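First the structure, in the form of structure tokens, and then the observations on it.
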Amino acid sequence: MEKRQYVCPKCGCTEYEADRLQATGGNFAKLFDVQNKKFVTVSCCQCGYTELYKQQGGDGWDVLDFLLGG
């Protein structure tokens, strides 16, 4: 798997902040306040442009390892 450095598609900045986002998905989840949709967010430090990546098992940070070369 190729490792790449993050480059913002809007402004070209290479500095970013990564975080996690959890959301509900559907009436059952909303009714019982279950946050069953999990995402990793990558936000540009300069312009604030943010991308969401759906978490695929594990703790979700593996997508950052691939995208950001970490």
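Using a probe of 1.4 Å on the protein chains alone, the accessible area found for residue 4 is around 110 Å².
Could you work out the local net charge near residue 49, counting Lys and Arg as +1, Asp and Glu as -1, over the other residues with Cβ closer than 13 Å to its Cβ?
Spelling it out: positives minus negatives among the neighbours equals -2.
Annotation for residue 51 and residue 10: the two label points, set 7 Å from Cα along the Cα-Cβ direction, are 1.4 nm apart.
The values are calculated or read from the model by the stated rules, or taken from the named source; none is laboratory data. In this text, all values refer to a predicted model and were calculated from it rather than measured experimentally. Cβ coordinates were reconstructed from backbone atoms using ideal geometry, including for glycine residues, and neighbour counts include every protein chain displayed. The accessibility values were calculated without ligands, DNA or RNA, using every heavy atom of the protein model including side chains. Shrake-Rupley method; radii C 1.70, N 1.55, O 1.52, S 1.80 Å.
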